[in-house]
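Here the structure comes first, spelled out in C-alpha cells, and everything after it is commentary.
The numbers here are math on the coordinates, done by the rules we state, and not lab data. Computed from a prediction, not measured in an experiment: that's the story for all the values here. No Cβ is skipped: glycine too gets one built from the backbone with ideal geometry, and neighbour counts run over all protein chains shown.
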C-alpha cells in the first residue's frame with residue numbers, strides 16, 4: 001500500500017462479536033429429538049461433535065486470529 005492510502009474495506013465488511021455459551025448450546029442440543037438432530041447433521045455435517053471436544057480456549061483464540 002502506498003503512503004496516504006485509505007482502505008475502503010470498512011465499507012464492505014461486517015464483524016459479529018457474538019459469543020455463544022457452550023453450556024447453552026449443549027442444552028439446546030439435548031432438547032432436540034433424533035429427527036431434528038439428523039436434519040442438523042444433514043445440513044451442517046459433523047459440527048455437533050465439536051460440542052464434546054475439550055478446547056484450550058487461549059490456544060483456540062490465538063489460532064482464530066490467523
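Structure data summary
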| quantity | calculated |
| --- | --- |
| Pairs with Cβ under 8 Å, 6+ apart, first in region 19-33 and free of Cβ contacts under 8 Å to residues at least 24 places away in the same chain, second part of a helix (DSSP H, G or I) and surrounded by 11 or more Cβ atoms within 10 Å (Cβ to Cβ) | 29/37; 29/48; 29/51; 32/40 |
| Selected residue [more than 12 Å from the chain's Cα centre (by Cα) and either surrounded by 10 or more Cβ atoms within 10 Å (Cβ to Cβ) or not in a helix (DSSP H, G or I) (or both)] from 35, 27 | 27 |
